[in-house]
Amino acid sequence: MTSTSSLPPGLRRIRFRSPLRGPWLTSVFGAVLLACLPLVIITGLLDYVAYGPGQGIPGAVGLLHLPGFDWPTRPSWLFRLTQGLHVGLGLLLVPVVLAKLWSVIPKLFAWPPVKSLAQILERVSLLLLVGSILFEIATGLLNIQYDYVFGFSFYTGHYIGAWVFIASFVAHVSLKLPTMVRALRSRSLRKELATPLAETVPEPPDQFGLVAPEPAAPTVSRRGALGLVGGGVLLVGVLTAGQTIGGPLRDAAVLLPRGRQPGEGANRYPINRTAVAARVTQPGEEWRLALNGSREFSRADLLALPQHTARLPIACVEGWSTVQTWTGVRLRDLAAMAGVPGPASAFVDSADPGPFGRAMLTGDQATDPDALLALRVNGAELSLDHGFPARVIVPALPGVHCTKWVRSIEFRRA
């Protein structure tokens, strides 16, 4: 049991008196996180694989590099699903994470901090777990806003932070799962949801220090607390889900700027990186597409070639996605014109001088029947912000590698 005297000397005036805290409520939040966080982890690691070994992002992660495999192009919505789940579910869990931290905050200030080897392991895993999940939430939210105030590579930092979280999450679950199961069995969820404020009483004193030794009178019932957290999840969903699923909710994605609908007419869909941000100017008539350094095509030349139209999604690491109708020249047709009909890979370069101004496509990606050098979208010319005069569109590929403002493609043999 935690009392004021069990706090560190400088914090003994703090009194944790909420009558709601206890092993059962903590375990309810923990069970939700245990059910959902593995999906966030798996989809995040899949997104890392989708970037491909040739992209070099994230870099400098040493032994943490996963074994690579060629990211498939089918189903075409694969990356839209994995990234949408990773970001969307991660956002939905933020209120649950905060509620879980609130429920265990007395333990974070317990004094002395450790009394046994088992407690050392538990507290180390807890500190790493709390620190890493807050780090992942903070960097993820800042990445959505394109606000890199932390001064290091988001991709590398977020990826390494993910592995710290995975290790501490596994260790914490291994240590606390039996306790969680016992706590969940100690009370009926159905009964708690039917218990009004007037009948809300503290849990029995526990050995873990979660139950307040001198509880105050309740100001909300446990069902009210669960309803508040559930309402927070619902609110986050309304304000964010539209960036992935589109439709009427798209305009409600006020917290996610690239989930909205910028542009006009046929080009009214999200823009991740504008031409101004990329320092790309409107190309003139002299623009040419170079193929393997030996052939060049003007935009008129490309429009005169056989055109292919495909309705394909494009999805980005920030979690937003959209489905548009693209028209252009198949990449495999361009490969044949370059004298490499069955390329092992393709290197795409653009006018964007930034780190995502070039991409490496695998052979399967470059030869997919719907992989295009897109010249038009929804029947109209691409706008400059959307990649005019030409951009790459490949099914299931991360949007950041569907390179805009393309100026050359090198199709490579094995």
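List of remarks:
- Its Cα centre serving as origin, the chain has a Cβ charge dipole (Lys and Arg +1, Asp and Glu -1) of approximately 1280 debye.
- Amide H partners (placed H, <5 Å) of Gln324, local residues excluded: Leu312, Ile314
- Per residue of the chain, the DSSP helices (runs of n ≥ 4 H) give a summed -39500 (n - 2.57) that works out to -13500 deg cm²/dmol at 222 nm.
- Cα pair count fraction exceeding 28 Å, expressed as % - segment 45-198: 37 percent
- Distance from the Cα centroid of segment 139-195 to that of segment 364-414 is 37 Å (rounded to whole angstrom).
- Scaled radius of gyration (Cα, divided by 2.2 N^0.38 Å) that segment 221-372 gives: 1.38
- Here segment 260-319 is treated as a Stokes sphere of Kirkwood radius computed over C-alpha pairs; at 4 °C and 1.567 mPa s its diffusion coefficient rounds to 87 µm²/s.
- Computed accessible area, His65, all protein chains, 1.4 angstrom probe, square angstrom: 90 Å²
- Note on Glu286: accessible area approximately 140 square angstrom, rounded to 10, probe 1.4 Å, nucleic acids and ligands left out.
- The modelled label-to-label distance between Gln145 and Leu175, using points 7 Å beyond Cα along the C-beta direction, is 3.3 nm.
- If you wrap the tightest convex hull around every Cα atom of segment 71-133 and split its volume per residue, you get 103 Å³.
- The share of C-alpha pairs in segment 135-240 whose separation exceeds 25 Å stands at 50 percent.
- Its Cα gyration tensor gives segment 112-177 an equivalent ellipsoid; the semi-axes, largest first and in whole Å, are 28, 11, 9.
- Among 88-96, 180-188, 37-45, 148-156, the order from most to least packed when residues are scored by Cβ within 10 Å on average: 88-96, 37-45, 180-188, 148-156
- Three-way shape call for segment 294-353 based on the alpha-carbon gyration tensor, with the a/c threshold at 1.5: prolate
- Based on alpha carbons, the Rg and Dmax found for segment 308-414 are 12.7, 37 Å.
- Distance between segment 277-292 and segment 30-52 - C-alpha centres, whole angstrom: 38 Å
The values are calculated or read from the model by the stated rules, or taken from the named source; none is laboratory data. Owing to the predicted nature of the structure, the values given are computational and were not obtained by experimental measurement. Positions of Cβ are generated from backbone atoms using ideal geometry, with glycine treated the same way; all protein chains shown enter the neighbour counts. All accessible areas refer to the heavy atoms of the entire protein, side chains included, with ligands and DNA or RNA removed. Shrake-Rupley method; radii C 1.70, N 1.55, O 1.52, S 1.80 Å.
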